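Read through the structure below, which is laid out as structure tokens, and then see the notes.
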Amino acid sequence: MNGLDFSQVLETLSLGIFVLDAEGRIVFWNRWMENASGHSAGTTIGQSVFGLFPELETAVFRRSLKSVLSFGNFVYFSQKVHGHLISLPPLPGSPAGFDSMEQHCVMGPIRKDGKIAYVYVQVEDVTEAVSGERLLSSLAMRDALTSAYNRRYFDRRLAEELERCKRYRRSLGLVMLDIDYFKHVNDRHGHQFGDAALREAVARWTQSLRSSDLVARYGGEEFCVLLPETGPEEGLALSERLRSAMATSEVSYRDIHARITVSAGAAFFREGDGPDDILRRSDEALYRAKTRGRNRVE
């Protein structure tokens with residue numbers, strides 16, 4: 001078309017484009033691929049793509065390559081299924097929290113003299129979009145004030161954990177926590193300090209728990225902690241750790257410093273339990289902790 005060199009166009013795209021021959025050798029490598037991979041076109045052209053990216057040496061990729069060459073099919077590699085096709089580091093300026101670039105990729109045929117001679121691979125960096133999706137997903141599961149999980153997510157996880165207990169005869173602990181005299185805390189120190197106390201409680205509990213445990217804001221100043229694979233002895237020790245995490249040092253907000261305590265009620269899975277059963281027993285235990293002096297575990 002008017003002498004236009006399409007290879008120059010491919011060099012300007014904000015997409016990775018490389019082309020393979022029937023043996024999997026690289027015959028074209030655009031500037032985006034150079035920048036993303038750290039390999040120049042001069043060092044890659046003529047090389048086997050399987051030598052450059054050993055992770056492509058799979059039955060799936062070999063079958064996809066053959067499908068494009070034999071039948072002219074288009075093959076898609078979805079980020080949601082594969083994460084990435086080839087291992088590339090995140091580009092400069094990418095969101096934090098990713099060890100490698102998230103990618104959508106397409107393979108398609110290139111014809112020469114009416115016959116399929118080459119396969120192009122298009123690599124699209126979708127790391128930023130995936131980061132946004134993860135943030136939205138996290139916001140849907142989290143309490144905005146404290147960053148604890150919200151009640152809807154907790155209810156779902158509790159039902160799942162109970163089903164696992166029934167199916168595999170596993171153990172489960174549930175701890176309900178309530179900040180003592182929270183209305184008095186708000187009245188005396190103000191709601192901003194009260195909000196800071198809620199955030200501090202979640203931060204301390206999270207540090208005190210295992211990675212498998214889950215802290216959720218159940219409502220107001222009341223929280224639930226889910227303890228998978230946990231029986232009474234270990235669960236009561238963990239509950240005491242949660243209580244102690246608040247009682248041992250003051251909460252500070254600006255120039256206000258105050259000691260905040262919590263009461264806790266623990267319950268453990270019994271055969272036949274549904275969510276309402278274990279929640280009821282935990283709530284009853286919490287009530288006993290309050291009536292017997294607060295700042296204690298029952």
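The values are calculated or read from the model by the stated rules, or taken from the named source; none is laboratory data. Note that the coordinates shown come from a computational prediction; the quantities given were computed from them, not determined experimentally. With ideal geometry, Cβ positions are generated from the backbone for all residues, glycine too; neighbour counts draw on all protein chains shown. Accessible surface areas use protein heavy atoms only, side chains included; no ligands, DNA or RNA. Shrake-Rupley method; radii C 1.70, N 1.55, O 1.52, S 1.80 Å.
Summary table
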| item | result |
| --- | --- |
| Heavy-atom accessible surface of the range 225-298: percent carbon and sulfur, 1.4 Å | 44 |
| Within straight-line cross-link reach of LYS290, lysines at Cα separation under 27 Å, skipping those fewer than 8 residues along the same chain | LYS183 |
| Set of the range 235-273 residues, backbone N closer than 18 Å to the point 7 Å along the Cα-Cβ line of ARG151 | 265 |
| Rounded percent of accessible protein surface that carbon and sulfur make up, the range 29-163, 1.4 Å probe | 53 |
| Kyte-Doolittle mean at least 0.5 and Cα axial length at least 15 Å: DSSP H helices in the chain | 59-71 |
| Distance in nm between pseudo-label sites at GLN207 and GLN8 (7 Å out along the Cβ direction from Cα) | 6.1 |
| Three-way shape call for the range 132-205 based on the alpha-carbon gyration tensor, with the a/c threshold at 1.5 | oblate |
| Mean Cα-pair separation over length for the range 2-89, i.e. relative contact order, pairs under 8 Å, 6 or more apart, % | 20 |
| ARG142 long-range amide H proximity, modeled H, under 5 Å | ASN150 |
| Karplus-derived HN-Hα couplings along the range 99-112 (A = 6.51, B = -1.76, C = 1.60, θ = phi - 60°), whole Hz, x at Gly and Pro | 7, 9, 5, 7, 9, 9, 10, 10, 10, x, x, 10, 9, 9 |
| Potential extension, ASP21-ARG241 segment - 0.36 nm per residue separation minus Cα distance | 73.0 nm |
| Where the chain is the region considered: accessible area per residue in Å², 1.4 Å probe | 54 |
| Extended-chain gain in nm, criterion 0.36 nm per residue less alpha-carbon gap, GLU128 and TYR168 | 10.5 nm |
| Under 14 Å, Cβ to Cβ, from MET141 - net charge with Lys/Arg +1 and Asp/Glu -1 | +3 |
| Option label - Rg and Dmax of the Cα atoms in Å computed here, alternatives (i) 19.5, 63; (ii) 18.1, 55; (iii) 28.3, 89 | (iii) |
| Those aspartates and glutamates that a straight Cα-Cα span of less than 14 Å connects to LYS115, excepting residues fewer than 8 apart in one chain | ASP21 |
| Relative contact order for the chain, counting Cα pairs under 8 Å that sit 6 or more residues apart, in percent | 13 |
| Order of exposure, largest accessible area first, which applies to VAL27, VAL119, VAL297 with probe 1.4 Å | VAL27, VAL297, VAL119 |
